[in-house]
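Shown next, in structure tokens, is the structure this report addresses.
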Amino acid sequence: METVYFNGVPCHTSGILPSVGETAPAFSLVTPKLEDVTNESLRGKRVVLNIFPSIDTEVCAMSVRHFNTEAAKLDNTVVLAVSMDLPFAAGRFCTANGIENVTPASAFRRGDFVRNYGVELVDGPLKGLLARAVIIIDENGKIIYRELVDDITHEPDYKAALSVLKR
């Protein structure tokens, strides 16, 4: 269990974010086309898991827009915008905002992603949603970057995440 904050209120996660150097835990997420996307289906690519509570909040939307812009510049990189939002809603947001370089990926079926990545908020005002985090997985399935944002109302450290991808 880890502690993050939402407007000064401490919130706890369901587990601990995987560490750099570990093999990325298995996951299965759902795209707007109701297709599963898994870490195995993305093997051989670098994967950015941009994890957040809901695409319907400004900070979450900004992170999706930012990674969309930056993803267009990177080779062999897939960005998944991961939330508990229904896949249809996330897909509508991306279509309406011209986001083409990010794949919305819903964890609404919970299962392995929530268990294996420990990002579900178990208390506080956003209980049941996901904490804000960024995890980057390399082509071989190893975690090369992790950030659990300490305050859910803050954006992730884009510069640090992108510097790992540009190495």
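Selection of strands (runs of 3 or more DSSP E) fully inside region 1-84 by the criterion of at least 2 residues being more than 18 Å from Lys142 (Cα to Cα) and open to solvent by 30 Å² or more (accessible area, probe 1.4 Å) returns 3-6, 9-12. Number of residues in region 35-68 that are without any contact (Cβ under 8 Å) to a residue 12 or more places away in the chain and closer than 15 Å to Val134 by Cβ equals 0.
The single condition from (1) crowded, with 16+ Cβ neighbours inside 10 Å; (2) over 20 Å from Val78 (Cα atoms) that Gly128 fails is (1). Of the residues Ala61, Ala107, Ala89, Ala96, only one is modelled with pLDDT of 90 or more and of a type outside the set (Val, Ile, Thr); which? Residue meeting the stated conditions: Ala107.
If the condition is being in a loop (DSSP other than H, G, I, E, B) and under 13 Å from the mean Cα position of the chain (by Cα), then region 109-151 contributes Gly118, Val119, Leu129, Ala131, Arg132, Val149. If you go through region 111-167 and keep only what is within 11 Å of Thr13 (Cα to Cα) and of a type in the set (Asp, Glu), you end up with Glu120, Asp123.
Give the residues of region 135-158 that are over 10 Å from Arg46 (Cα atoms), modelled with pLDDT of 95 or more and not aliphatic (A, V, I, L, M), sorted by residue number. Hits for region 135-158 are Tyr145, Arg146, Glu147. Find all pairs meeting these conditions: Cβ atoms under 6 angstrom apart; at least six residues apart or on different chains; first residue within region 17-34 and among the aromatic types (Phe, Trp, Tyr); second residue part of a loop (DSSP other than H, G, I, E, B). Close Cβ pairs satisfying both conditions: Phe27/Asn39. Filter region 152-167 down to residues that are free of Cβ contacts under 8 Å to residues at least 12 places away in the same chain and assigned to a helix (DSSP H, G or I) and give me whichever is nearest to Val78 (Cα to Cα). Out of the qualifying residues, it is Ser163.
The values are calculated or read from the model by the stated rules, or taken from the named source; none is laboratory data. Please read all numbers here as calculations on a predicted model, not as lab measurements. Note: ideal-geometry Cβ built from the backbone for every residue, glycine included; neighbour counts use all protein chains shown. Just so you know, the surface numbers come from the protein's heavy atoms only, side chains and all, with ligands and any DNA or RNA stripped out. Shrake-Rupley method; radii C 1.70, N 1.55, O 1.52, S 1.80 Å.
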